[in-house]
Amino acid sequence: MTGKGPDVFSDIADRYDRVNRILSLGRDRAWRQRALEFLPQGRVLDLGAGTGAVNVDMGERTLIAADPSLPMLSRNDSPARLAAFGERLPLADSVLDGVFSAFVFRNLTSVPETLAEIHRVLRPGASAVIVDLTRPIGKMKQGLHRMGSAVFVPLVGRLAGAPSEYRYLNVSLDKLPSPELLFAGGPLALDHTWRMGPLGFVYGAVLKRGR
């Protein structure tokens with residue numbers, strides 16, 4: 001699932017959620033909750049589930065947690081867990097009502113392969129909801145954000161004892177294009193996107209499988 005390999009996140013599994021809370025200024029849960037408003041009920045997959053930060057907000061949905069990092073997954077209290085990469089999901093065709101993924105897509109080895117797999121496992125008419133980080137819209141905002149993240153993100157990483165991992169997080173913000181370009185022309189139709197966070201550096205996207 002990640003070009004850095006699951007061991008990168010395995011090494012910081014015990015403090016991953018705490019550091020993310022600091023980096024998001026305590027807003028990461030609110031960003032997930034906003035995205036969950038668009039996630040269907042029923043049987044859903046949390047792709048890149050990690051330690052299960054979203055589990056408490058999943059409500060009555062039947063949750064399957066998937067992540068390639070066993071140390072992360074071992075901290076996830078979902079009753080159904082899969083050690084799996086997004087590019088190779090061990091699920092049958094058309095079995096899910098929804099797919100949720102938060103702060104994962106920048107770490108994928110292949111976005112096209114993962115989108116193809118999501119399309120395959122979703123039922124016709126079902127939705128995928130993606131939340132991730134990107135650069136803000138506009139050159140001035142991008143410049144301000146790039147300068148701020150170049151200092152703040154590695155600093156938090158050093159304090160967490162994971163400087164290389166969080167140095168990579170800053171670099172990864174420039175790895176992919178905007179969600180409007182990233183999800184255009186893929187197997188899933190881009191329904192809509194929105195921005196969150198300071199300067200709009202967090203995005204949400206809803207993708208639909210055709211009927």
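What follows draws every value from the coordinates through simple rules; no lab data is involved. In this text the structure is predicted, and so the values were computed from the model without any measurement.
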Within the stretch 28-151, the percent of DSSP beta bridges that are antiparallel, given to the nearest 5, stands at 5 percent
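Quick check on the stretch 6-208: take the gyration tensor over C-alpha atoms, sort the square-rooted eigenvalues as a ≥ b ≥ c, and tell me if it's rounded (a/c under 1.5), prolate or oblate. Could you put the intermediate results ahead of the total?
Numbers: a/c = 1.72, a/b = 1.26, b/c = 1.36.
Because a/c hits 1.5 or more and a/b fails to exceed b/c, the stretch 6-208 counts as oblate.
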